[in-house]
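Please treat every number below as a calculation from the coordinates, not as lab data. As the structure is a computational prediction, the values presented were derived from the model and not from experiment. Heads up, the Cβs are rebuilt from the backbone with ideal geometry, glycines too, and the neighbour counts pull from every protein chain shown.
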Amino acid sequence: MMFNPVLLIAIPLGLAFIAVIFKKIQKWILALGIIVNAVLVFFVEKGETAIGGFKIPFGISLVLDDFSAAGVILINILALAAIVIAFKKAEKFAPVILAGLAGMNGMILTGDLFNLFVFMEITAISAYILSSEGRKPAQSFNYLVIGSVGSVFYLLGLILLYNQTGTLNMVLMTEKTGFLEQTVLLLPVLLIFVGIAVEAKLLPMAGWVRGVLGNSNSYTGVMFASVYSSAALFVFGRIFSQVLVPGTTVGIVIITIALVTFAAGQASAFRSKSLRQVLLYSSIAQSGLAAALFATGFVFPAVLVVVNNAIGKLIMFSAAGSLEEKYGTDDYIGLGGAFNKNTLTGIAFTIAALSLTGLPLLFGFYAKLNVLAAYLNQGTFFVPAVVLLGTIVEGAYFIKILIKLWAPGKEGEWADADQSVGDKRIFSYTGTIAVILAAVLVVLSGLLPDTAGKLIAPEGGLLGDDGPAISLLIQKGGDQ
Amino acid sequence: MIKFASLLLIVIGLYGILSTRNVIKILVGINVMEIGINIFIIAIGFVNGGAAPILSVDNPGSLLKFVDPVAQALVLTSIVIGLGVTALGLVFARKIHKKHGTYDLSEIGGES
Amino acid sequence: MNWFNILEAGVSVLLVAVALAAVLSKKLLVSIIFLSALSMMAVSAFALLSAPDVAVTEAVIGSGLVTFIFVASIRNLGKAGEKL
């Protein structure tokens, strides 16, 4: 039995309105909506679905290919994991979360550029409301202003394209922009880039990230760092590696911006003293890397980076938010030894951090290896050098944090029990189980990378790229 | 002509957002930008001498030159989204005022 | 030069002038009133560009509702010594 993909948008949106009316049972409606969506996402029909009764180039269509399937599965599972970890914090935002989920599914699935704008605004409004949980209204306001300016830019770019091509449908847009001069496309493509860069956390528009993610709790941190940002990056990938493939000039501008974002993010993370700030700068850096890959056309490695970052940040941001609530401090030196009392969570956090750095036998290694191999196959050496340098910095700050959190005190001394912070449990049982499961997923997909790659791209490639640039399947002897 | 005026409105709105630290004035700037982009979209869809894209007894569809209805549909959506964002922005403005007693972001300081 | 061009030029000049007034005025209430006026100018621009349905929507939402929520929110908070 296969279902219509429009249900992925319609069910959470409908339940969001029901949750507004029945406030008493809204947490059960939230749980129902998220669970139904997380199951349904495996049973949706592939292909292009017209909605609204118009034929496809004239009406709005939903496109479910391998790329958007990977996107919606990731988003819905992450949303489920996020509410399992911190259901108490999520339940009062039930309508907002459901509407946001509908918006994100719509963003990834839609085949129409204006419809994409509408879904991006729905998602953004739900994100603004969630950010108000940080009790820093000035930061939420800042986020709202940056988001609104970005969306005006997006709309301006979209209308300029519409004026040139006469269509809003992504497939037709791809065809018709092929006939246009690069100089004509320069301005609209850059305007659209600015609009999407807000949610994707790329540098010129990433000013909101520090204020919002730096004050996040164990629920909103996960939503911003892994759910919303993955959705935005999937949209970035759809637009810049399929619909508006940037030509040489625009491509160089976008890739440079993305790489600068990567480098600046890693450098700022290295300088930061607070756990959540390190994590948020690391998120900015990973977004930059994924955006650079998407803009170059390496879709499969980019999706691997997005998935790795999403799972890693799910574990790390939920732990960081929870640590801040329990111990009242965010400084990782002040949190020394917190993992000695929470061994399982600590192990999950360690696995996530090492996977983000790209340690062998973890999923992150496969992702990094694919990134490097894609560039080296193409004959580019500058970008891999930047990526490797960033990875060294990344490894340095993550190992610094891990040492502090496991072993307090001075270097070279054995940790004493009394040097650790007090004995407080970070997560509830369900939260611990969810975090452990995510960590097991990272390890398993690291041990069986080709199976994981097949799950992400069943046909071998996404949006017409070559798929895995490198295979880690251990060959049986003499199988040359 | 009106096209350029609307682009100018977007620039004026951007200037308004960047030149002040008062939250209400920033929201006014955002609204000016949104009005600018809305007029720009309608102006892009305009055909000189075109009739309004509404079918009626004295406007039978086959006889007349119409302006682009898609652009108008986009603007209707965009106006409503703009209202939602403005309302949410005013809620944040109220929260800022409640917490800090001022609308001026420069009086609040960086870390709050 | 026909009537359409003259009207278009007039509306354009007024749009820019009113927008500048809204952004540059020092008092919040004045700024909001100019924003409302700008919205009315947008209504006439929409009507001029053969978009009567958009004009009606803009008149109700942009000029009516937006102005209302702006004024309502600054009036309630103005008592704390804020200069309107």
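Numbers at a glance
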item	result
Amide H partners (placed H, <5 Å) of residue B:51, local residues excluded	B:65, B:66, B:67
Inter-site label distance for residue C:5 and residue C:30 at 7 Å from Cα along Cβ, in nm	3.7 nm
For residues of A:169-182, the mean tally of beta carbons on other chains within 10 Å	0
Exposed-loop-free span, longest in chain A, where trypsin sites (Lys or Arg not before Pro) count as exposed if DSSP calls them loop and at most 15 other C-beta atoms lie within 10 Å	A:136-272
Charge context of residue C:69, other residues only, Cβ under 13 angstrom, K/R +1, D/E -1	+2
Segment residue A:184-residue A:377, length gained on full extension (0.36 nm per residue, minus Cα span)	66.3 nm
Test item: B:67-78 mean partner chain Cβ contacts at 10 Å	6
Rounded Å value of the spacing that divides the Cα centres of region A:218-264 and region A:6-35	30 Å
Label point distance in nm, residue A:327-residue A:454, each placed 7 Å from Cα along Cα→Cβ	4.3 nm
Exposure proxy order (Cβ contacts within 10 Å, fewest to most) of C:29, C:48	C:29, C:48
Exposed trypsin sites (Lys or Arg not before Pro) absent: longest stretch of chain B, with sites in DSSP loops and at most 16 other Cβ within 10 Å deemed exposed	B:66-112
Sum of side-chain charges, residue A:104 neighbourhood, beta-carbon under 14 Å (Lys, Arg +1; Asp, Glu -1)	-1
Degrees between helix A:182-200 axis and first principal axis of chain A (Cα, 0 to 90, nearest 10)	30 degrees
Note, ³J(HN,Hα) from phi for region A:259-276, Karplus 6.51, -1.76, 1.60, rounded to Hz, x at Gly and Pro	5, 4, 4, 4, 5, 5, x, 5, 5, 5, 4, 5, 7, 6, 9, 9, 4, 5
Dimensions (Å) - region A:357-398, Cα atoms, principal axes, largest first	30, 20, 8
Scaled radius of gyration (Cα, divided by 2.2 N^0.38 Å) that chain A gives	0.94
Among A:186-197, A:242-253, the order from most to least packed when residues are scored by Cβ within 10 Å on average	A:186-197, A:242-253
Partners for residue C:26 among lysines (Cα-Cα distance below 26 Å; same-chain residues under 8 apart left out)	B:25, B:95, B:98, B:99, C:79, C:83
Relative contact order computed over chain A (Cα-Cα under 8 Å; 6+ residues apart), in percent	14 percent
HN-Hα J in Hz across region B:87-98 - Karplus 6.51, -1.76, 1.60, θ = phi - 60°, x for Gly and Pro	4, 5, x, 5, 4, 5, 4, 4, 5, 4, 5, 5
Relative contact order, percent, chain C [alpha-carbon distance under 8 Å, six or more residues apart]	27 percent
Helix-derived mean residue ellipticity, 222 nm - over chain B, DSSP H n ≥ 4, -39500 (n - 2.57), to 500	-22500 deg cm²/dmol
Relative frequency of Cα-Cα separations exceeding 21 Å in region A:297-475, percent	53 percent
Chain A, helix-only ellipticity at 222 nm - DSSP H runs n ≥ 4, -39,500 (n - 2.57), divided by all residues, nearest 500	-22500 deg cm²/dmol
Other-chain or far-sequence residues with amide H under 5 Å of residue A:112's (modelled H)	A:61, A:170
Alpha-carbon radius of gyration plus Dmax, which is the widest Cα pair, for region C:3-80 in Å	14.1, 51
5 Å-binned pair-distance histogram of region A:27-186 (Cα, whole percent)	1, 8, 14, 17, 17, 16, 12, 8, 4, 2, 0
Label-to-label distance, nm, for residues given as residue A:443 and residue C:68 (7 Å Cα→Cβ offset)	6.0 nm
Neighbourhood charge, 14 Å Cβ-Cβ cut-off, centred on residue B:82 and excluding it, Lys, Arg +1 and Asp, Glu -1	-3
Which listed pairs, of A:24/A:136; A:23/A:326; A:55/B:3; A:46/A:201; A:273/A:326, have C-alpha distances above 24 Å, in listed order	A:24/A:136; A:23/A:326; A:55/B:3; A:46/A:201
Ellipticity estimate at 222 nm from DSSP helix runs (n ≥ 4, -39,500 (n - 2.57)) divided over chain C, nearest 500	-23500 deg cm²/dmol
Most fluctuating residue given options C:72, C:55, C:22, as computed from a GNM of chain C linking Cα atoms under 10 Å	C:72
Amide H within-cut-off set for residue A:44, under 5 Å, with H built and near neighbours excluded	A:3
Calculated FRET value between residue A:21 and residue B:4, using beta carbons and R₀ = 60 Å, to 0.05	0.80
For region A:80-97, Karplus couplings with θ = phi - 60° (6.51, -1.76, 1.60), whole Hz, Gly/Pro x	5, 4, 5, 6, 5, 5, 9, 5, 4, 7, 7, 5, 6, 9, 3, x, 5, 5
